[in-house]
Amino acid sequence: MTAQDNFPVPLLDLKRQFAALRDAIDARLSSAMAHQEWILGPEVREFESMFAKLLKVEHAIGTSSGTEALLIALRALALEHTSSEYWTTQDEVVTTAFSFTATGDTILRAGATPVFLDVDPLTCNMNLDLLEEYVTRTPHVRAIVVVHLYGRPIDMERVARIAAPRRIHVIEDVAQACGAKSGIHQCGGMGTVGAFSFFPSKNLGAFGDAGLVSTNDGKLAETARMLCRHGGKDKYNVEYVGYNARLDTLQAAILLAKLPFLADFNKRRRAIADMYTQGFAGLRGVETPPDEEGHVYHQYTIRVLHGRRDEYKSFLDTHRIGSAVYYPVPLHLMKVFHDRSKIPFACPEAERAAREVLSIPIEPLLDPWEVERVITVTRQFFHSECR
């Protein structure tokens, strides 16, 4: 046994990231301290411009969180395409049953009815066969919220083929997929509108809540900006019910400091994922996530079979290795959506995923020995099932 055998391996180590990027962050913060423009300061405009170029879109609008980005996207679509500020309960927005709460509750907050569909068992992204079947049989679907779960891009070309002939809007929930690509295109730049989160744990994380709306639709962008700023161009004479949802200048400064490192950090995540996939080869009772080009591994999420997920998680805890369940309750089973959503098909795969998924450390600055330690401990746990 070596000293490293008892060393903790965190699921996420923000202190490590800060130490690595401190000079760049300090320089950006120092500049902001000097000009003292705290509301919609120059860093906000610069970050929006740089992020739009990254996505190859015309417009990027910073928001106070990823949740507000989703809500503002939905509200802006309602304002642009209906005679109301909100959708109605007759208007349906289809999304996945397996995601974070905000994916579904923003649909309720925008006035529409969420429709939850099951997931593909291999990718945990929305089952597109079910999507096509559902939108074919109902005229009430106004939008689809696709989630690039765990950093894995959904097949956006197929989503477009389903949505475009029916004039259904596509909202990309890119909270976990900053820098990911579907084909040659950046996630967040292919739908009608994209919604990003820069929560501290994300691939590009701020020092608190922050988000962004992306779009090529100029009118939609203008409306989104108004909604972020209380609902109007003139704050003393607003036009709509809006929000105080602007991107904070300090958060924009931090994001500007970290943005140049995004591609390299995503590359490191992919390298760690490759180590895990190879290291877990031959283990029975574990399913590793299938790799694909464009995946940025916000989480490396395995499936633990035969009802042993919680036992394995406790084993990792004992060895001081971080892990987390994303997500323990599918959206269609949450109390908040009871009698306020539609579930047109059973969702057995989402429910099975909630029982089996476990995310293990994929912090981009992990040392190789830390990754090997996770592999060694995992193989110890599953050794009795290894053939």
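The values are calculated or read from the model by the stated rules, or taken from the named source; none is laboratory data. What you see is a predicted model; the values in this text were computed from it and never measured. As a convention, Cβ positions derive from the backbone with ideal geometry for all residues, glycine included, and neighbour counts pool all protein chains shown.
Residue-wise test of (1) at pLDDT 95 or above; (2) under 23 Å from the mean Cα position of the chain (by Cα).
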site: 300; (1), (2): yes, yes
site: 303; (1), (2): yes, yes
site: 331; (1), (2): yes, yes
site: 341; (1), (2): yes, yes
site: 345; (1), (2): yes, no
site: 353; (1), (2): yes, yes
site: 358; (1), (2): yes, yes
site: 386; (1), (2): no, no
Quiz item: Just to be sure, is residue 97 closer than 28 Å to residue 229 by Cβ, of a type in the set (Gly, Ala, Ser) and surrounded by 16 or more Cβ atoms within 10 Å (Cβ to Cβ)?
Solution: no
Quiz item: Just to be sure, is residue 175 assigned by TED's automatic domain parsing to the domain that holds residue 77, on the phi < 0 side of the Ramachandran plot, of a type outside the set (Phe, Trp, Tyr) and outside any loop (DSSP other than H, G, I, E, B)?
Solution: no
Quiz item: Yes or no: residue 93 touching a Pro at 6+ places or on another chain (Cβ under 7 Å) and under 23 Å from residue 167 (Cβ atoms)?
Solution: yes
Quiz item: For segment 241-262, which residues satisfy the criterion of being farther than 17 Å from residue 67 by Cβ and charged (D, E, K, R)?
Solution: 258
Exercise. Counting only residues that are of a type in the set (A, V, I, L, M) and outside the structural domain of residue 173 (by TED's automatic domain parsing), give me the helices (runs of 4 or more DSSP H) lying completely in segment 199-310 with at least 3 of them.
Key: 262-279
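Conditions (1) within 25 Å of residue 56 (Cα to Cα); (2) buried (at least 24 other Cβ atoms within 10 Å of the Cβ); (3) out of contact with any strand residue (DSSP E or B) (no Cβ under 9 Å at 6 or more places or on another chain), marked per residue:
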site	(1), (2), (3)
213	yes, yes, no
224	yes, yes, no
240	no, no, yes
245	yes, no, no
249	yes, no, yes
252	yes, yes, no
255	yes, yes, no
Exercise. Residue by residue through segment 127-185, note down the ones that are under 20 Å from the mean Cα position of the chain (by Cα) and without any contact (Cβ under 8 Å) to a residue 12 or more places away in the chain.
Key: 184
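Counting only residues that are outside any helix (DSSP H, G or I), among the aromatic types (Phe, Trp, Tyr) and in contact with a Gly (Cβ under 9 Å, 6 or more places away or on another chain), how many does segment 329-387 have?
Total meeting the criteria: 1.
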Exercise. Could you identify the single residue in 82, 101 that is out of contact with any His (no Cβ under 7 Å at 6 or more places or on another chain) and modelled with pLDDT under 95?
Key: 82
Self-check item: Which numbered condition residue 41 misses (of (1) closer than 25 Å to residue 370 by Cα; (2) in contact (Cβ under 8 Å) with a residue 40 or more places away in the chain; (3) small (Gly, Ala, Ser))
Solution: (1)
Quiz prompt | Subset of segment 312-330 (residues that are in contact (Cβ under 8 Å) with a residue 40 or more places away in the chain and in contact with a helix residue (DSSP H, G or I) (Cβ under 9 Å, 6 or more places away or on another chain)) | solution = 312, 315, 316, 319, 320, 321, 322, 323, 324, 326, 327, 330
